[in-house]
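Heads up, the thing below is written out as structure tokens.
None of the figures in this text is laboratory data; all of them are computed from the coordinates on show. Since we're looking at a predicted model, the values are computed, not measured. Heads up, the Cβs are rebuilt from the backbone with ideal geometry, glycines too, and the neighbour counts pull from every protein chain shown.
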Amino acid sequence: MATPAQWLAGARPRTLPAALAPVLVGTGAAAALDGFRPSTALLALVVALALQVAVNYANDYSDGTRGTDADRVGPMRLVGSGAASPRAVLVAAVLAFAVAAVAGLVLAALTSWWLVAVGAVCILAAWTYTGGPIPYGYRALGEVFVFVFFGLVAVVGTTYVQTGTLPGLAYAVAVPIGLLIVAILVVNNLRDIDGDALVGKRTLAVLLGERGTRWAFAGLFLVALLVVVAVGVVRPWVLVTLLAVPLGVPPLRTVLGGGRGPALIAALGGTGRLTLVTGVLLAAGLALSG
């Protein structure tokens with residue numbers, strides 16, 4: 001039976017910046033437009049965190065039952081390691097999805113019932129990443145869906161529930177934070193590239209190959225930086241986000257330097273920290289620009 005510490009590890013706290021950063025940035029965009037609403041921002045954060053935990057447990061369950069976690073370099077998975085039964089992990093995923101759904105329903109009641117449809121699509125996308133008969137994460141589409149849902153939808157949705165609008169500013173600032181979240185997935189899949197190829201899991205990293213994946217990781221950093229600078233031309237306070245750039249040096253050095261296996265676990269953590277700090281600074285810059 002899994003211990004509380006193992007369940008916490010199964011929730012993969014290193015991926016939580018992917019949930020926190022978009023909500024912070026979306027809230028910063030709302031503040032820039034004089035529409036900051038703490039109550040709906042907090043609910044959006046609950047939805048984002050619950051979905052992130054849910055997708056982590058759902059991936060643990062699906063990958064574990066498919067046998068793709070049998071030979072794993074990264075952190076322990078509950079089902080793959082035998083620490084918890086597939087049923088227990090599935091229940092944990094369903095409970096996390098339920099928390100996200102309840103918070104989302106409250107948000108919809110306070111803002112727009114169209115959010116129910118958006119939330120349903122988000123939950124479906126979270127489950128079918130590695131679950132269901134045709135998991136898109138096994139078909140090199142994971143990065144696209146992560147950018148769309150954890151980038152665009154999360155940032156713009158957070159701004160919408162506070163301002164009632166879909167401003168261009170929210171879409172613009174969703175791009176760099178979405179790209180950094182994709183970078184988290186890219187370095188994760190680079191770490192697992194050999195094992196994934198062995199079991200037929202065709203991630204983007206497997207298709208691009210090791211060299212192509214390493215350069216794609218660097219490209220995501222570069223484009224994110226350029227978009228921040230472009231937004232900063234119009235709203236100079238946004239340029240405070242550049243203070244986060246030094247945090248990107250260690251993971252870039254590891255990835256471009258040919259780091260493999262355990263070395264990429266540190267790069268994954270570094271990319272997560274970069275994403276979170278970028279979200280904090282970008283949100284602060286946006287708020288100050290208002």
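What distance in nm separates the two pseudo spin-label positions at Val121 and Ala109, each 7 Å out from Cα along the beta-carbon direction?
2.5
Dipole magnitude of the stretch 134-242 about its Cα centre, charges +1 at Lys/Arg Cβ and -1 at Asp/Glu Cβ only, in debye to the nearest 20?
Details: 7 positive and 5 negative charges, 19 e Å.
Charge dipole of the stretch 134-242: 100 debye, to the nearest 20.
By count of other Cβ within 10 Å, fewest leading, how are Arg211, Arg37 ordered?
Working: Arg211 9, Arg37 18.
Neighbour counts put them in this order, fewest first: Arg211, Arg37.
When the helices in the chain are scored as -39500 (n - 2.57) per DSSP H run of 4 or longer and the sum is shared across all residues, what 222 nm value do you end up with, to the nearest 500 deg cm²/dmol?
On the way: 13 runs with 209 residues, N = 290.
Per the formula, -24000 deg cm²/dmol.
Mind giving me the nanometre distance, one decimal, between the label points for Gln6 and Arg253, set 7 Å out from Cα along Cα→Cβ?
With each label placed 7 Å out from Cα toward Cβ, I get 3.7 nm.
Could the peptides 124-130, 283-289 be put in order, highest first, of the mean number of other beta-carbon atoms found within 10 Å of their residues?
Order by mean packing, descending: 283-289, 124-130.
Which helices count as membrane-span-like in the chain under these terms: full DSSP H, at least 30 Å along the axis by C-alpha, Kyte-Doolittle mean of 1.0 or more?
For the chain, where a helix must reach 30 Å along its axis and average at least 1.0, the hits are 86-110, 168-191, 204-234, 262-289.
Quick one: among Ala19, Ala103, Ala44, which has the greatest mean-square fluctuation in a GNM of the chain with alpha-carbon springs under 10 angstrom?
In the Gaussian network model the winner is Ala103.
Just want the ordering: Ile134, Ile265, from fewest to most Cβ atoms lying within 10 Å of their own Cβ.
Details: Ile134 8, Ile265 18.
By the 10 Å Cβ count, ascending, the order reads Ile134, Ile265.
Figure the gain on full extension for Leu141 and Asp194 (residue separation times 0.36 nm, minus the Cα-Cα span) and round it to one decimal in nm. Provide the component values of the computation, followed by the final result.
Values: separation 53, 0.36 × 53 = 19.08 nm, distance 1.82 nm.
Gain on extension, Leu141 to Asp194, equals 17.3 nm.
Among (1) 146; (2) 125; (3) 111, only one was calculated for this model; which label is it, if the read-out is volume of the Cα convex hull per residue in Å³?
(3)
Order the peptides 158-166, 194-202, 174-182 from the highest to the lowest mean number of other Cβ atoms within 10 Å of their residues.
Ranking the peptides 158-166, 194-202, 174-182 by packing returns 174-182, 158-166, 194-202.
Remind me, relative contact order of the chain in percent, using alpha carbon pairs under 8 angstrom and six or more residues apart? Don't skip to the end; give the middle numbers.
Details: 477 pairs, mean separation 75.0, N = 290.
Relative CO of the chain lands at 26 percent.
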